[in-house]
Structures are given as C-alpha cells and as structure tokens.
Amino acid sequence: MILVTGANGNLGSAALAALRARGVPAMGGSRTPGEGMRRLDFDDRVGLDLAGVSTLVLVSAGYAEDDQVVARHTAVLDAAVRDGVGHVVYTSLTTAGDHLGFALAHRATERLVRASGLPWTVLRNGLYAELFGGLLMWAGHGVESAFGDGALAAVAREDLAEVAAVVASDPARHRGRVYDLVGTPITAEQVANELGVAHRTISLGEYRRRLLQETPGLLPFQPPMLASIATAVRHGCLDGTAPDLTDLLGRAARDPLTTAAAAASAARPAARV
Ligand SMILES: NC(=O)c1ccc[n+]([C@@H]2O[C@H](COP(=O)([O-])OP(=O)(O)OC[C@H]3O[C@@H](n4cnc5c(N)ncnc54)[C@H](OP(=O)(O)O)[C@@H]3O)[C@@H](O)[C@H]2O)c1
C-alpha cells in the first residue's frame, strides 16, 4: 500500500488525488485523519505506525525550526525502517535552493533517507508558482516585491503532486534517483502583467523591515526564510531550468504564470471580502 503523509496539506492531498486518478490505491496519513486515513503525527514518535506500507511518500513537514523539522523526519524514517516500508519517496527542495534559509532541513533529511538503508527516491521540488504569486504584496492598484527583475523557475504544485504520483506508482524504476523538479522562469513583472497591474520593486531592507514590523503572525524563523527567497530570486539564483519535470510528467508543465497570477489575485485584499 502507498501511504502519502501530510494528506490534509496542499501537496499531500493533491498527490493522493493524482494517485487515485491513475487508478492506484493509496492512503493518506495526517495529524487530523479523515475517513480512510491513518493518524500520523511526526511529533508523536511513539504513535507512528507504518505497518503494511510498501511505498511511503514523505511530504516534508516544514514550517518550523530546522531542529524540529529534522527531528520529525528522523522519527518517521525510524518508523519506516522498523515497520519494513519498501521504498521512501521524499519531497525535498530544488538543487538551486541550497542557499535558501530552509535548505538545511531538506539536505539533512536527504542524508537520513540515504542512511536509512531503504530504497529511496528524492524529489527536489522547485518553489511553487502559488508561493511566488502569494508573496507579491498588494499596494493600491499594483503589486510590490523584493524580487526585482529576477526570475523564478516556478512550478505549479499540481505538477509536483502528479510527479510524486508517477514515481510512487512505480518506485523501483526510480530507485536511487534525485530529480530536480523546476519549471519555467517567471518574473514578478510578468505576473503583474498577467494581472493587468504594475509591479514596483522594493529593497531587501524594506522587505525585511515589513516582515519584521508589519506582518503579524510570522514565526521567528520566517522573516529570514522569506528574505532568503527574495534575494535568491532577485539575484538570479533560482531561474535555472531542468528537464526532469516534463520528462516525468510526459507532457508540458502547467503554466506557472497563470498559477502565480491566480494566487496573487486570491491574496488581493478586495478578493478576501
Ligand atoms: N516548494 C515550495 O514552494 C514549498 C512552499 C511551502 C512549503 N513547502 C514544503 O513542502 C511541504 C508541503 O507543502 P504544502 O503546500 O502541502 O504545505 P501545507 O499545505 O502547509 O501542508 C504541510 C503539511 O505538512 C504536514 N505536517 C506538518 N507538521 C506535521 C507533523 N508534525 N507530522 C506530520 N505531518 C505534518 C501537515 O499535514 P496534515 O495536516 O495532514 O497533518 C501539513 O498539512 C511543506 O510542509 C513544506 O515543507 C514547499
């Protein structure tokens, strides 16, 4: 049986849907399991049960400090070894993202995956087009960002979910492979054009100030993490392309510009009311 973790999250739920659309039986694991799901909370080490799982799609459980994320992934990989899981597919971070604020937890987890002794595949996911669009800040009738003229090889999350389903459906074929799943480079200006509005570049200092002083609800690790994405895009470190995404999809990727524009549009203040 294939088990997809983070099944109530965006990527996990889409991967499950993609598996089912291919006619491949799969189960979800979640901290808050719905019907037909297994309870799976990586923070509850003792309660982890992966018995009967042939292929584990381990969706990274980020949104925390590195030590907590790595401890979560260690716990689930230990359980995978103990319970005899046959193959681990880990959703990691694109190779070009090595210098991003949250790369360390991914690379440390990749090492754990390799050291587990289990057959594995690493999906180095590019940054979501949804994330790129969602990070544009609405100001009056236009958008602002610290991305400058830099481009991001953004990927629609649905495409990454589909690749996870392709790999999990036939894991032996992808054993020991690291795939770099990046999309087509897009700029903030192009997203703004798609929306029919203007884009204004702000400095990294101003962006960091806004994150620290004007963005309530951010966790302490998040301002440096978001600033690292902005500087990496701005300075052209995340615009490289690779063939793995379309090779695995067997078709063209979804248009990241449309996806990013939809995410930006949904975040527009007037759209929220
Ligand atoms: N490539 C990118 O641009 C990008 C952007 C943002 C995040 N990410 C990474 O990719 C992952 C998936 O993205 P997403 O869009 O699906 O994020 P998401 O919608 O926020 O889902 C993340 C899921 O992680 C699971 N999770 C969190 N803590 C957990 C724990 N203690 N034990 C088990 N599961 C836990 C949760 O699943 P349940 O609610 O079902 O328990 C949560 O819904 C994120 O967790 C993050 O590491 C990548």
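Read the figures in this text as sums done on the coordinates, not as results from a lab. Keep in mind the model is a prediction, meaning the values are calculated, not measured. Ideal geometry is used to build each Cβ from the backbone, glycine not excepted, and the neighbour counts take in all protein chains shown.
Assorted remarks:
- Protection-proxy order for peptides 216-224, 54-62, each taking the mean of Cβ atoms within 10 Å per residue, highest first: 54-62, 216-224
- When peptides 34-46, 65-77 are ranked by their average number of other Cβ atoms within 10 Å per residue, the highest-first order is 65-77, 34-46.
- Karplus-derived HN-Hα couplings along the range 105-112 (A = 6.51, B = -1.76, C = 1.60, θ = phi - 60°), whole Hz, x at Gly and Pro: 4, 5, 5, 4, 5, 4, 4, 5
- Between 0 and 90°, nearest 10: helix 157-169 axis offset from the chain longest Cα axis: 20
- Computed from backbone phi with θ = phi - 60° and the Karplus coefficients 6.51, -1.76 and 1.60, the 3J(HN,Hα) list for the range 77-83 is 6, 4, 5, 5, 5, 4, 8 Hz; x is used for glycine and proline.
- In Hz, Karplus ³J(HN,Hα) per residue of the range 244-261 (6.51, -1.76, 1.60; θ = phi - 60°; x = Gly, Pro): 4, 4, 6, 4, 6, 6, x, 6, 5, 6, 4, 6, x, 5, 4, 5, 5, 5
- For the range 1-69, averaging the sequence separation of C-alpha pairs within contact (under 8 Å, six or more residues apart) and dividing by the residue count gives a relative contact order of 36 percent.
- Measuring nothing but how far apart in sequence close Cα pairs (under 8 Å, 6+ apart) lie, relative to its length, the range 1-142 scores a relative contact order of 20 percent.
- Largest GNM mean-square fluctuation among 149, 170, 78, using the chain with Cα springs under 10 Å: 170.
- Local charge for residue 223 was computed over the other residues whose Cβ lies under 15 Å away, with Lys and Arg +1 and Asp and Glu -1, and equals 0.
- Diffusion coefficient, µm² s⁻¹, Stokes-Einstein with Kirkwood Rh over alpha-carbon pairs of the chain at 37 °C and 0.692 mPa s: 171
- For residue 138, distant residues with modelled amide H under 5 Å away: 144
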